[in-house]
Protein chains: 4
Amino acid sequence: MKSNFFVPLAPRGLSTISPPPPWHYAGDFLIIDFWARPEAVAALLPDELQPDVKAEGHAQAYFIDWQFTGEHDELLDPARYQYREFFILVDALFQDKPVAFCPYIFVDNDAAIARGWTQGFPKRHGLIYQTRVFAVNGIASPKLVSGSRFGASASAAGQRIAQGTVTLEKAVTDAAALGSRPTVNLRHFPRLAAGQWERPAVHELVESVMDHFSVADAWMGKGELTLPVCQNEEIADLAPIRCGNGYRMSVSYSVTDLKTLVDHSFK
Amino acid sequence: MKSNFFVPLAPRGLSTISPPPPWHYAGDFLIIDFWARPEAVAALLPDELQPDVKAEGHAQAYFIDWQFTGEHDELLDPARYQYREFFILVDALFQDKPVAFCPYIFVDNDAAIARGWTQGFPKRHGLIYQTRVFAVNGIASPKLVSGSRFGASASAAGQRIAQGTVTLEKAVTDAAALGSRPTVNLRHFPRLAAGQWERPAVHELVESVMDHFSVADAWMGKGELTLPVCQNEEIADLAPIRCGNGYRMSVSYSVTDLKTLVDHSFK
Amino acid sequence: MKSNFFVPLAPRGLSTISPPPPWHYAGDFLIIDFWARPEAVAALLPDELQPDVKAEGHAQAYFIDWQFTGEHDELLDPARYQYREFFILVDALFQDKPVAFCPYIFVDNDAAIARGWTQGFPKRHGLIYQTRVFAVNGIASPKLVSGSRFGASASAAGQRIAQGTVTLEKAVTDAAALGSRPTVNLRHFPRLAAGQWERPAVHELVESVMDHFSVADAWMGKGELTLPVCQNEEIADLAPIRCGNGYRMSVSYSVTDLKTLVDHSFK
Amino acid sequence: MKSNFFVPLAPRGLSTISPPPPWHYAGDFLIIDFWARPEAVAALLPDELQPDVKAEGHAQAYFIDWQFTGEHDELLDPARYQYREFFILVDALFQDKPVAFCPYIFVDNDAAIARGWTQGFPKRHGLIYQTRVFAVNGIASPKLVSGSRFGASASAAGQRIAQGTVTLEKAVTDAAALGSRPTVNLRHFPRLAAGQWERPAVHELVESVMDHFSVADAWMGKGELTLPVCQNEEIADLAPIRCGNGYRMSVSYSVTDLKTLVDHSFK
């Protein structure tokens, strides 16, 4: 199980913050479509991306309950590897091609922060929760039927940064209806040496690569999202002008690769 | 939504630590049968209970991912009300009748501590995790099939107090096979006035009452449990001499009542 | 170390949620005087207390970094017993005598919840932080001098419920200037048996008793406090109309007693 | 406050995981000298470092309560920036010069993880606690006098990875007696692109640079440390064969630079 992929570079690879790829994920997703002020979206884009004017500020909020495993049954150690996530994707263009860019993302697990940074997801720590479904019937377990409601929230450093609700209407029979722009991230790692602060060691526009992507039990309906004003946080700049569809589904995929689009790293 | 049931007794009942009953629960259970030293089990029993000699130290460890709701859609506020739990039940006799007694229980949620104390569950704070099942297929999501493995752990104040694994063998078709002794707790609330410390305001042997108990997707197989030695913790006194069956299932029920068996409160 | 004071009533008294009294405390306090709407204060008072009309809605917010110990060096186990606290005291009258009543209090530690409930403090779980002073000079360590600023915040279930700042002006040479109304709490423990929900097992108006109260390094200055509006929380009903003095000091005391003023428990 | 130093690269620099340098720190340190098996120390060293044979496996454990601030009063936002840390330094040689290398380090704050990675500290998330001193006298507040005891612990993913005690004997009048090898880290950031996993984007041996280093209230005495065996953790490979001095002191410094010793990054 020796790994030189992540720190700490421990002799037997056990104490590393996360096992090396391949990485395998399964999770429950709550997704909410919304429209922010187009200028607020544009202000978040790196130089290499252009605003997608036709999208009119379209964005999506994701709340996910994740289970992760590497190649050594990490799913049997949920205290270390199970986690929850909240992130936002905004519509943009890369060389005239529609893409989705991730400006903000929060997880409650350090292994997920490490993997995320490697993929270009700008992860911070947060506390994220969503209403769950259980196999058993009962008042405390919503069913996957029209009218069922699911709540979700995300907090960072003790402030509520996002709150959402999805009310189911109908099952999604055509997965293509879920759409899917490629996700584009800014992979970035600074230099601390005096005089080098503006010359990051890593600064690349990258595109996420997912293998074996699979969806089950996808439902859609009405989404509602708020991004409350918080001290010293900018996420509320994206506060929804209006909300659209909401989705709930279970998703799995694996990660073994990353595609560099533009490399601005300072060598 | 006014409630005078729990503190704080807030004017509109919103800031109370938990809504009043009825309480509704749904959750995923991992259960492991084990046998501890009979003397260790006997040492935990309150005066009103007798050791169940035939049980030979039999006990059960429960790891549960819970969703709670009261009567006002509390399941839509998972940051406040969703929680995880670990507890142990030991076999005992009450007036020659087989019962199960809960000596130790840990949850990661204050509303659950409040409700638990009211029911006689001696709850402390802990961090509890178990492997999850998702609707989607994938390497990171175990299926409910023979051979699938589920891990679970519990920690208190930074020490690992329990670790378990369940390997599925077969679906449980006869729910009666799951057995079920009534759960008996010691409901207790101290007096702090000088000279009154040995005269608790509440000290009752009580029996849990559950309504609308329902089970789904019950599987059984092999259980493995360790209760590691920890500083200033006594749970390891129950360290398994041998382990037996393991179970995984989804369970729901409601709570609206509690039965007093013996009342030793000092009035 | 056998204890029958708190649950769990473990054989050797180690696994109990908190050691029995005597309880010893030392901590750093940030205190902010403020005035809420008098009607909002009145709405919080139990029947046995009357509004203190002359106080015009006066209240105080406390942020405390606590160290606790019992009689067995619990201060050497800070993972289990060190904690942080936020609470509000509002002015009131009991039989024409000025008192302070605690409607809301939050701690990040389960042992503190258990002790608090026993004293009548209606504790819930929260995350609380305050700026610290260190013995060493440096930009990251404010000194106890005029102009130094201290920040503090409290959150519950991922929502920011309070935020405060104290700017020091002068050392407090006369501790009497700190004032001190007796603290009066509502000690309360419910009954769950069907038909008994309105007949709490414990429902007493009590007065806190502190021994060996000691203050050091007390400073006063300007206090600022906000109590933001939060979903399903009522604390913002006390939102400051204006703020007054702020204080920072170190305090120690012991607790071995509690005084019952009125007992409305249902026997 | 615009920053392009850390992700997320937010428009106004507020939502970044940590402000850019300069970084200012003040903290309370508990330090314990110990000797591990020399082979265990050697197994941790990167290729560029050699075992310090004369050190005979000497290492140090640090438990620190930190306050951080950047240039914008971040110390007034302790919920986001105050943190606790545990790490180990092992003696080694770099080009025949005595240095200290950090193989393992844990913090409870994401901003500290981000800064640490930039400095080459291989930080993971943990929960760390130490006994505190308060200005006030009292049973719950140890004084800086001979015989006083301080406890500390660190946990990761619910397992106790380190536990220490320092018993004070005498004040340290000569700060030089505290010794101080330069701290050498392995600054590392992986590549995820398929086929590039063994070609990290950043892989440099670096030396920490600290400005305005200041110490106050330094005491020394007896140190005791255990590094318990934990599942899937390698830290216990360094379990003390014997322990030596223990120290308690307050320390402050600033960070604005980092010195590269050897750069093995794959360009």
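The values are calculated or read from the model by the stated rules, or taken from the named source; none is laboratory data. In this text, all values refer to a predicted model and were calculated from it rather than measured experimentally. All Cβ positions, glycine included, derive from the backbone under ideal geometry; neighbour counts span all protein chains shown. The area values use the complete protein model at the heavy-atom level, side chains included, leaving out ligands, DNA and RNA. Shrake-Rupley method; radii C 1.70, N 1.55, O 1.52, S 1.80 Å.
Which of the residues in region D:120-147 lose at least 30 Å² of accessible area when you go from the chain alone to all protein chains together (probe 1.4 Å)? Hits at the 30 Å² cut-off: D:PRO122, D:ARG124, D:HIS125, D:TYR129, D:THR131, D:ARG132, D:PHE134, D:ALA135, D:VAL136, D:ILE139, D:ALA140.
Dipole of region A:194-253 computed with +1 at Lys/Arg Cβ and -1 at Asp/Glu Cβ about the Cα centre; of A:VAL215, A:GLN196, A:ASN232, farthest Cα towards the positive end is A:VAL215. Centroid-to-centroid, using Cα positions, region B:142-210 and region D:7-60 are 41 Å apart. Rounded to the nearest 20, the Cβ-based charge dipole of region D:27-105 about its Cα centre (Lys and Arg +1, Asp and Glu -1) stands at 240 debye. Listed by chain and number, the aspartates and glutamates whose alpha-carbon sits under 14 Å from that of C:LYS222, ignoring those within fewer than 8 places in the same chain, are C:ASP33, C:GLU169.
Each residue of region C:207-221 was assigned a 3J(HN,Hα) from its phi angle through the Karplus curve 6.51 cos²θ - 1.76 cosθ + 1.60 (θ = phi - 60°); the sequence is 10, 5, 10, 10, 9, 6, 5, 9, 10, 9, 6, 7, 10, 10, x Hz, with glycine and proline shown as x.
Report the far tail of the P(r) of region B:66-108, meaning the percent of Cα-Cα pairs longer than 15 Å. Result: 59 percent of Cα pairs exceed 15 Å. Across the alpha-carbon atoms of region C:93-231, the computed radius of gyration and Dmax are 18.8, 62 angstrom. For B:TYR104, the residues 5 or more places off, or on other chains, whose built amide H falls under 5 Å of its own are B:ILE88.
Here the accessible area of the protein assembly as shown is 51 percent carbon and sulfur, with a 1.4 angstrom probe and all protein chains present. Across q = 0.15, 0.19, 0.23, 0.32 Å⁻¹, region B:144-193 modelled as identical point scatterers on its alpha-carbon atoms has Debye log10 I(q)/I(0) values of -0.79, -0.96, -0.99, -1.07, in the order of the q list.
Kirkwood radius, region C:210-267, all distinct C-alpha pairs, inverse of mean reciprocal distance: 15.6 Å.
Listed values for region D:43-54 are Karplus-derived 3J(HN,Hα) couplings in whole Hz (6.51 cos²θ - 1.76 cosθ + 1.60, θ = phi - 60°), namely 5, 8, 6, x, 3, 6, 9, 10, x, 9, 4, 5, and x replaces Gly and Pro. Across region C:149-197, Cα pairs under 8 Å and at least six residues apart give a relative contact order of 23 percent. Between the amide H of A:VAL133 and any residue lying 5 or more places away or on another chain, no distance stays under 5 Å, with hydrogens modeled in the peptide plane. Label sites at D:VAL53 and B:GLN231, each approximated as a point 7 angstrom past Cα along Cα to Cβ, lie 3.7 nm apart. The Cα center of region A:87-124 and the Cα center of region D:227-244 differ in position by 37 Å. Of the residues in region C:155-171, those shielded by at least 50 Å² of accessible area once partner protein chains are present, compared with the chain alone at a 1.4 Å probe, are C:ALA157, C:GLY158, C:ARG160.
Here the Karplus relation 6.51 cos²θ - 1.76 cosθ + 1.60, evaluated at θ = phi - 60°, turns the backbone of region C:158-168 into coupling constants of x, 10, 6, 9, 7, 8, x, 9, 10, 10, 5 Hz, with x for every Gly and Pro.
Annotation for the B:A interface, with buried accessible surface near 3300 Å², both sides summed [1.4 Å probe; non-protein components not counted]. Once the cut-off is 17 Å, how many percent of the Cα-Cα pairs in region C:42-96 end up in the long-distance tail? When all Cα pairs of region C:42-96 are counted, 56 percent exceed 17 Å. When every alpha-carbon pair in chain C is counted, what percent end up more than 26 Å apart? Result for the distance tail: 44 percent. Once the Kirkwood radius over Cα pairs is known for region C:1-85, the Stokes-Einstein relation at 4 °C and 1.567 mPa s delivers a diffusion coefficient of 81 µm²/s. Interface burial in region C:195-224, defined as at least 50 Å² less accessible area with all protein chains than with the chain alone at a 1.4 Å probe, covers C:TRP197.
Send over the semi-axes of region D:159-224's equivalent ellipsoid, whole angstrom and largest first, taken as the square roots of 5 times the C-alpha gyration tensor eigenvalues. Equivalent-ellipsoid dimensions as semi-axes: 38, 19, 8 Å. With a 1.4 Å probe and all protein chains left in place, how much accessible area per residue does chain C have, in Å²? Per-residue value: 35 Å².
Spin-label model, C:PHE213 to A:LYS259: label points 7 Å out along the Cα-to-beta-carbon direction sit 7.0 nm apart. For the protein assembly as shown, the equivalent ellipsoid derived from the Cα gyration tensor has semi-axes of 41, 36, 32 Å, listed largest first. Straight Cα distances below 18 angstrom link C:LYS123 to the lysines B:LYS123, with same-chain residues fewer than 8 positions distant left out.
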